[in-house]
1. Any chance the range 205-222 includes a residue that's in contact with a Leu (Cβ under 7 Å, 6 or more places away or on another chain), buried (at least 17 other Cβ atoms within 10 Å of the Cβ) and either over 15 Å from F112 (Cβ atoms) or in contact (Cβ under 8 Å) with a residue 60 or more places away in the chain (or both)?
2. Within the range 138-185, count every residue that is of a type outside the set (K, R), in contact (Cβ under 8 Å) with a residue 24 or more places away in the chain and not in a helix (DSSP H, G or I).
3. Answer yes or no as to whether V125 is in contact with a helix residue (DSSP H, G or I) (Cβ under 7 Å, 6 or more places away or on another chain), β-branched (V, I, T) and buried (at least 18 other Cβ atoms within 10 Å of the Cβ).
4. Hey, could you check the range 95-137 for residues that are touching a residue at least 24 places away in the same chain (Cβ under 8 Å) and β-branched (V, I, T) and say which is nearest to R211 (Cα to Cα)?
5. May I ask you to verify whether I133 is assigned to a helix (DSSP H, G or I), at pLDDT below 85, crowded, with 17+ Cβ neighbours inside 10 Å and among the β-branched types (V, I, T)?
6. What number of residues within the range 255-276 are within 16 Å of I106 (Cβ to Cβ) and more than 22 Å from the chain's Cα centre (by Cα)?
7. Among the residues of the range 237-264, write down those that are farther than 15 Å from Q113 by Cα and buried (at least 17 other Cβ atoms within 10 Å of the Cβ).
Amino acid sequence: MAITKYARPENLTKAFSLNRMAINLGFSIGPALGGILSGISYNFLFVVNAIGALAAGIIYVIFFRKRNKIFREKKRLAPEKTIEKVITKSPYKDYPFLFYSILCTIFAVCFFQFFNTLPLFYKEVAKLDQSTIGFVLGYSGFIIVLLEMPLVSIAERTLKIPQILFIGIVMAGLSYLLLGSNVALLLLSMTTLSVAEIWVLPFMSTVTALRAERGNKGAYMGLNGIAFSFSFIFTPFLGTYVVGRFGFDSLWIGSFAVLALSAVLIYIVVKKMIPTR
């Protein structure tokens, strides 16, 4: 919500990408730093966490207080803009957006196997040890931090949002088909999945922000967040169930088929929802 409020419209996707890049940087650094601090003392680890969270909260309040002052000053200098009638529509009655959110859930269920069945595949099929699995998963965060902003900028300059989402979702499906038993194939698969993530997740948020009206961006972002939250509930059960009954190959082929169909449907619905983008 803060991103949609404070970012300029032309920088919306870049703002989502920058926020995701910061989160991924935290995921990359956090485990290593946590291991170092816990090696000293768990109490020391918890104290450092508390101080870090407190510092982040203080910085957040100071920064956005200044931004709010700037916004209030702009409204005072341009009072005619504050008289605009705000007409809001519930996202739960926006049926194309509801369908879009369902498709986002389907994508997320396939994508977030990254956290569940993919590590199991590395261990049981690829026979990687724990440290190598950690390296491959950490490699994803490194790729995202390194390439997210350049790849988003390239996509924005050369493609429309429906095209970007289509390509990214299909790439996510292809990343599962590339999985093999050697590290080179695993890194190629993870690279493809990471690029897919860069081209899908920020632009999915951008579609939500663009579809929302002036007074209900929070409601739209919240509903889209719920759609992704459902995936965290269903993905672990669904992925392990398919693996247990049919094996990993069936899971990866099925994921590709589902993602390919989702890519086509998302391309169609997004093109109708935001035709000028």
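The values are calculated or read from the model by the stated rules, or taken from the named source; none is laboratory data. The model shown is predicted, which means the values in this text are computed figures rather than measured ones. Note: ideal-geometry Cβ built from the backbone for every residue, glycine included; neighbour counts use all protein chains shown.
1. Checked the range 205-222: at least one residue is in contact with a Leu (Cβ under 7 Å, 6 or more places away or on another chain), buried (at least 17 other Cβ atoms within 10 Å of the Cβ) and either over 15 Å from F112 (Cβ atoms) or in contact (Cβ under 8 Å) with a residue 60 or more places away in the chain (or both).
2. The number of residues fulfilling the criteria is 4.
3. Details: in contact with a helix residue (DSSP H, G or I) (Cβ under 7 Å, 6 or more places away or on another chain): yes; β-branched (V, I, T): yes; buried (at least 18 other Cβ atoms within 10 Å of the Cβ): no.
It is false that V125 is in contact with a helix residue (DSSP H, G or I) (Cβ under 7 Å, 6 or more places away or on another chain), β-branched (V, I, T) and buried (at least 18 other Cβ atoms within 10 Å of the Cβ).
4. I102
5. Working: assigned to a helix (DSSP H, G or I): yes; at pLDDT below 85: yes; crowded, with 17+ Cβ neighbours inside 10 Å: yes; among the β-branched types (V, I, T): yes.
It is true that I133 is assigned to a helix (DSSP H, G or I), at pLDDT below 85, crowded, with 17+ Cβ neighbours inside 10 Å and among the β-branched types (V, I, T).
6. 0
7. S262, A263
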